[in-house]
Amino acid sequence: VEETYIMIKPDGVQRGLVGEIISRFEKKGFLLKGLKLFQCPKELAEEHYKDLKEKSFFPKLIDYITSGPVVCMAWEGVGVVASARKIIGATNPLQAEPGTIRGDLAVQTGRNVVHGSDSYDNGKREIVSGSKKVKCVHGFRLRHPGSGSELRNKFWG
Ligand code: GTP
Ligand code: MG
């Protein structure tokens, strides 16, 4: 079953948008598989966004992502990687459609409240780096009776 990594960025947490953002994925029908609130270390933020290392905004991006706690989540469902990107909306919130998270809740590219994996492989990589490389207690057992997936009752990671 497909999984994606969704991260509520520090501005989303600070602005009190955690419930609103989680709610959109829940209402769509995706399954919350793992969740933790944590302060992302600089090295992990750099690894997470390593594809953007050469961009001029990279140092600002790392400062932003490490500026406060983030909410790390694994969401599961058929087509969840692409669908989550649609639910999140365009990178620049001013270009994001109304009805998307960024379209409804943000105005700046550098403060666009949420991250979503852009591919299945990156989703796997990001979930693993979020859960295994950081030494902290994380994840909890989620029960989804009748869900029919062997993955659903396992600990995240
Ligand atoms: P993520 O889901 O966070 O990966 O966003 P994305 O896939 O929509 O965009 P991308 O991966 O290209 O960029 C990652 C993040 O870098 C964006 O979400 C922004 O927070 C930030 N970013 C991208 N472009 C700019 C820019 O031109 N200026 C600034 N300040 N930040 C940018
Ligand atoms: Mg991206």
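Count of the range 39-57 residues, restricted to those that are hydroxyl-bearing (S, T, Y) and within 16 Å of ligand 2 (Cβ to nearest atom), is 1. Residues satisfying the criterion are present in the range 50-64 (criterion: within 16 Å of the chain's Cα centre (by Cα), within 16 Å of S129 (Cβ to Cβ) and surrounded by 13 or more Cβ atoms within 10 Å (Cβ to Cβ)).
Among the residues of the range 111-148, write down those that are within 15 Å of ligand 2 (Cβ to nearest atom) and modelled with pLDDT under 50. If the condition is that a residue be within 15 Å of ligand 2 (Cβ to nearest atom) and modelled with pLDDT under 50, then no residue fits.
Among residues that are free of Cβ contacts under 8 Å to residues at least 60 places away in the same chain and touching a strand residue (DSSP E or B) at 6+ places or on another chain (Cβ under 9 Å), D118 is not included. Among the numbered criteria (1) within 13 Å of ligand 1 (Cβ to nearest atom); (2) part of a loop (DSSP other than H, G, I, E, B); (3) not hydroxyl-bearing (S, T, Y), which one does V78 miss? Going through the list (1) within 13 Å of ligand 1 (Cβ to nearest atom); (2) part of a loop (DSSP other than H, G, I, E, B); (3) not hydroxyl-bearing (S, T, Y), V78 breaks only (1).
Of the residues that make up the range 28-35, is at least one within 12 Å of ligand 1 (Cβ to nearest atom) and either surrounded by fewer than 16 Cβ atoms within 10 Å (Cβ to Cβ) or at pLDDT 95 or above (or both)?
No, the conditions are met nowhere in the range 28-35.
Taken over the range 81-117, the criterion of being open to solvent by 70 Å² or more (accessible area, probe 1.4 Å) and either more than 8 Å from ligand 1 (Cβ to nearest atom) or within 13 Å of the chain's Cα centre (by Cα) (or both) is satisfied by R85, K86, L94, Q95, E97, P98, D104, V107. Note on the range 1-38: among residues that are assigned to a loop (DSSP other than H, G, I, E, B) and under 14 Å from the mean Cα position of the chain (by Cα), the one that is nearest to ligand 2 (Cβ to nearest atom) is K9.
The values are calculated or read from the model by the stated rules, or taken from the named source; none is laboratory data. Just so you know, these numbers come straight off a predicted model, no measurement behind them. All Cβ positions, glycine included, derive from the backbone under ideal geometry; neighbour counts span all protein chains shown. Heads up: the accessible areas ignore ligands, DNA and RNA and are worked out on the full protein's heavy atoms, side chains in. Shrake-Rupley method; radii C 1.70, N 1.55, O 1.52, S 1.80 Å.
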